[in-house]
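Student: Pasting a structure here, questions to come.
The values are calculated or read from the model by the stated rules, or taken from the named source; none is laboratory data. A quick note: this is a predicted structure, and the numbers were derived from the prediction, not measured. Here the Cβ positions follow ideal geometry from the backbone for every residue, glycine too, while neighbour counts run over all protein chains shown. These accessible areas exclude ligands, DNA and RNA; they are computed on the full protein's heavy atoms, side chains included. Shrake-Rupley method; radii C 1.70, N 1.55, O 1.52, S 1.80 Å.
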Amino acid sequence: MSIQIVTDSTVQLTESELADLPITIVPLIVRLGTQEFLNDGVQITNAEFLSHLVNDEELPKTSQPSIGQFLEVFDRLGENGDEVLCLNLTHFLSGTVNAARQAADMTDTKVTVVDTLSIDRGLAFQVITAAKLAKNGAPLENIINAIDLHRTHTEIYVYLNTLENLIKGGRISKAAGGIATCSILKWLPKWSMAS
């Protein structure tokens, strides 16, 4: 019996990391207009998603994997008695972790679901650590302690090149975006000269 590591497609792992480590990824769903794709690197890649984000008039939308997607993965991985440790992106950005928890309650497989409170490479650090430890036969308690250490010592900083997508997506109004852009442009030359 071993511990299988599951995560979602917001994790940013390289091809070599995926090839070297036993990690199962449950893809989020990407909506482009009326079409839906699994963000699984086959139906739509991260590069294609970013291209649509930059070039499309209407922003792509994402939604969490279904409970059924998680349930299918948990059932399959637990068929031979393996446990599952499922590490998901922060609940502040998505309901993905809650879908995983609901699926965990429905499966016969022993599943532990963790809200990593992170995304992207912050999520990846926890997933990689968990996968390496699981691959080497570490017990679940040790793996959880190791990822807790990552979670408490990792901070994610987000820098925006433009406010355009925040305006397009309705996160901020056109007026607020215009004011913020003017303020940034006013401040930027002073900062550049000071540094």
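Student: Under the condition of being in contact with a helix residue (DSSP H, G or I) (Cβ under 9 Å, 6 or more places away or on another chain) and buried (at least 16 other Cβ atoms within 10 Å of the Cβ), which residue from region 39-58 is farthest from residue 84 (Cα to Cα)?
Tutor: Among them, the one singled out is 44.
Student: Now for a separate question. In this structure, does residue 66 turn out to be of a type in the set (Gly, Ala, Ser) and either open to solvent by 20 Å² or more (accessible area, probe 1.4 Å) or closer than 22 Å to residue 32 by Cα (or both)? Let's see the steps before the verdict.
Tutor: Values: of a type in the set (Gly, Ala, Ser): yes; either open to solvent by 20 Å² or more (accessible area, probe 1.4 Å) or closer than 22 Å to residue 32 by Cα (or both): yes.
Criteria met by residue 66.
Student: Output the residues belonging to region 130-154 that are farther than 24 Å from residue 16 by Cα and touching a helix residue (DSSP H, G or I) at 6+ places or on another chain (Cβ under 8 Å).
Tutor: 142
Student: Can I ask one more? How many residues, within region 1-30, are among the hydroxyl-bearing types (Ser, Thr, Tyr), assigned to a strand (DSSP E or B) and surrounded by fewer than 21 Cβ atoms within 10 Å (Cβ to Cβ)? Steps first, answer last, please.
Tutor: So in region 1-30, the residues among the hydroxyl-bearing types (Ser, Thr, Tyr) come out as 2, 7, 9-10, 14, 16, 24.
Retained after the next criterion (residues that are assigned to a strand (DSSP E or B)): 7, 24.
Next, only the ones that are surrounded by fewer than 21 Cβ atoms within 10 Å (Cβ to Cβ) stay: 24.
Number satisfying all stated conditions: 1.
Student: Go through region 31-90 residue by residue and tally those that are polar (S, T, N, Q), over 16 Å from the mean Cα position of the chain (by Cα) and part of a helix (DSSP H, G or I). It would help to see each step written out before you state the result.
Tutor: From region 31-90, those polar (S, T, N, Q) are 34-35, 39, 43, 45-46, 51, 55, 62-64, 66, 69, 80, 88, 90; that's our starting set.
Of the ones still in play, those that are also over 16 Å from the mean Cα position of the chain (by Cα) are 34-35, 43, 51, 55, 80.
Narrowing further to those that are part of a helix (DSSP H, G or I): 51, 55.
Counting residues in region 31-90 that are polar (S, T, N, Q), over 16 Å from the mean Cα position of the chain (by Cα) and part of a helix (DSSP H, G or I) gives 2.
Student: Still on this structure, please answer the following. Which one is farthest from residue 111 (Cα to Cα) among residues in region 130-159 that are outside any helix (DSSP H, G or I) and modelled with pLDDT of 95 or more? Working first, answer last.
Tutor: Taking region 130-159 as the starting set, the residues that turn out to be outside any helix (DSSP H, G or I) are 136-139, 153-159.
Now drop any that are not modelled with pLDDT of 95 or more, which leaves 136-139.
Values: 136: 19, 137: 17, 138: 16, 139: 14 Å.
Filtering region 130-159 for residues that are outside any helix (DSSP H, G or I) and modelled with pLDDT of 95 or more, the one farthest from residue 111 (Cα to Cα) comes out as 136.
Student: A further question follows. Would you point out which residue out of 127, 97 is among the hydrophobic types (A, V, I, L, M, F, W, C), within 25 Å of residue 32 (Cα to Cα), out of contact with any helix residue (DSSP H, G or I) (no Cβ under 8 Å at 6 or more places or on another chain) and assigned to a helix (DSSP H, G or I)? Quick ask: steps written out before the conclusion?
Tutor: Values: 127 fails: within 25 Å of residue 32 (Cα to Cα).
Selected residue: 97, the only one of 127, 97 that is among the hydrophobic types (A, V, I, L, M, F, W, C), within 25 Å of residue 32 (Cα to Cα), out of contact with any helix residue (DSSP H, G or I) (no Cβ under 8 Å at 6 or more places or on another chain) and assigned to a helix (DSSP H, G or I).
Student: Applying the selection to region 119-135, what residues are open to solvent by less than 30 Å² (accessible area, probe 1.4 Å), in contact with a strand residue (DSSP E or B) (Cβ under 9 Å, 6 or more places away or on another chain) and either without any contact (Cβ under 8 Å) to a residue 40 or more places away in the chain or of a type in the set (D, E, K, R) (or both)?
Tutor: Listed by number, the list holds a single entry, 126.
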